[in-house]
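Have a look at the structure below before the remarks.
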Amino acid sequence: MYQVDGRNVFSLSPTQLSKVRNQYFGFIFQDFSLIPEYTALENIQLPLFYRGLSGRRSRSQAAGMLERLGLEKHAKKYPSQLSGGQQQRVAIARALVTDPPA
């Protein structure tokens, strides 16, 4: 049995499981999985959008995370305009912006 916050995840519906993933985990994919049509800021905002945060609040949180990782001047750049290390930091920022508990 696998539990998250006392809930057996095997008994959850796909929608409920998506919510658990969004609220409890930050994912960093080996290939970064940034969306090429989105700017760095928009890529970081994505999990906040799925959480239902307003555009203003999610932009503010994403911008703060960019600043924490020293990428604020790259907010409007697309992944193809970033170096590999910068893309990696955007992926890390996207994982951390939701402030996962663990």
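The values are calculated or read from the model by the stated rules, or taken from the named source; none is laboratory data. It should be emphasised that the depicted structure is a prediction, and the values quoted were computed from it without experimental measurement. As a convention, Cβ positions derive from the backbone with ideal geometry for all residues, glycine included, and neighbour counts pool all protein chains shown.
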Any residue that is surrounded by 10 or more Cβ atoms within 10 Å (Cβ to Cβ), touching a residue at least 60 places away in the same chain (Cβ under 8 Å) and either at negative phi or not in a strand (DSSP E or B) (or both) - is there at least one of those in the stretch 43-52?
no
Answer yes if at least one residue in the stretch 8-29 is farther than 22 Å from residue 82 by Cα, surrounded by 13 or more Cβ atoms within 10 Å (Cβ to Cβ), out of contact with any Gly (no Cβ under 7 Å at 6 or more places or on another chain) and among the polar types (S, T, N, Q), and no otherwise.
yes
(1) over 27 Å from residue 19 (Cβ atoms); (2) part of a helix (DSSP H, G or I) all hold for residue 57 apart from (1)
Restricted to the stretch 53-85, and to residues that are crowded, with 18+ Cβ neighbours inside 10 Å and touching a residue at least 40 places away in the same chain (Cβ under 8 Å), which residue is farthest from residue 15 (Cα to Cα)?
82
Every residue in the stretch 77-102 that is small (Gly, Ala, Ser) and at pLDDT 90 or above, please.
80, 83, 84, 85, 91, 93
